[in-house]
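Following: one structure in structure tokens, then a few remarks.
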Amino acid sequence: MTVLINEDVSVTTWAQACWLDDLKPGWGEAAWINGQQIALLRFADGSLFAVTQKCPRTGANVMARGIMGSRNINGELVHTIASPLHKEVYRLDTGECLNAADVDLLVYPVRVVDARVLVGLE
């Protein structure tokens with residue numbers, strides 16, 4: 001069974017990050033995937049996101065420990081992550097910083113296939 005979550009159809013390389021059950025809802029985990037640290041974030045509603053582990057402002061690898069939440073933006077509920085260092089809030093669907101125009105968070109497409117979490121790299 002394949003569940004598509006935040007998937008970019010142009011991705012040609014998918015790397016296994018972990019098993020879905022390894023990710024607890026409401027909590028982030030860091031994974032080392034093809035030489036990159038990637039934060040995996042699973043929400044209680046089943047939403048799953050993959051972003052760079054590196055804080056765009058400081059360069060510290062801390063985003064898996066960020067504050068997960070959501071905001072109502074133009075009538076749409078959007079999942080977010082706040083950096084644990086400077087509390088800048090990023091949209092998890094686009095990486096856009098909601099309170100600073102000069103930084104963005106790198107986001108990766110993610111999908112679940114047979115209970116395996118896959119992250120799109122190319």
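Read the figures in this text as sums done on the coordinates, not as results from a lab. In this text, all values refer to a predicted model and were calculated from it rather than measured experimentally. When we count neighbours, we look across all protein chains shown, and the Cβ atoms used for this are built from the backbone with ideal geometry, even at glycine.
Results, tabulated for the structure shown:
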{"quantity": "Electrostatic dipole magnitude of the chain [Cβ: Lys, Arg +1; Asp, Glu -1; Cα centre; debye, to 20]", "calculated": "360"}
{"quantity": "Hull-based mean projected area of the chain, where the convex hull spans the alpha carbons, in square nanometres", "calculated": "7.4"}
{"quantity": "Amide hydrogen neighbours beyond the local backbone of Leu106, cut-off 5 Å, H modeled", "calculated": "Thr52"}
{"quantity": "Estimated FRET transfer efficiency when R0 is 25 angstrom, pair His86-Trp27 (beta carbons, to 0.05)", "calculated": "0.75"}
{"quantity": "Neighbour-count ranking [beta-carbon atoms within 10 angstrom, fewest first] of Thr94, Thr12, Thr80, Thr52", "calculated": "Thr12, Thr94, Thr52, Thr80"}
{"quantity": "³J(HN,Hα), Karplus 6.51/-1.76/1.60, whole Hz, each residue of region 10-15, x for Gly, Pro", "calculated": "7, 5, 10, 10, 10, 10"}
{"quantity": "Footprinting exposure proxy for Tyr90, Tyr108 (fewest neighbouring C-beta atoms within 10 Å first)", "calculated": "Tyr108, Tyr90"}
{"quantity": "Other-chain or far-sequence residues with amide H under 5 Å of Ala17's (modelled H)", "calculated": "Val117, Leu118, Val119"}
{"quantity": "Met68, Met63 arranged by Cβ crowding within 10 Å, fewest neighbours leading", "calculated": "Met68, Met63"}
{"quantity": "Relative contact order for the chain, counting Cα pairs under 8 Å that sit 6 or more residues apart, in percent", "calculated": "32"}
{"quantity": "Cα-projected label distance for Thr58 with Asn74, points at 7 Å along beta-carbon direction, nm", "calculated": "3.2"}
{"quantity": "Under Karplus coefficients 6.51, -1.76 and 1.60, residue-wise ³J(HN,Hα) of region 49-61 in Hz, glycine/proline x", "calculated": "9, 10, 9, 4, 6, 7, 5, x, 7, 10, x, 6, 7"}
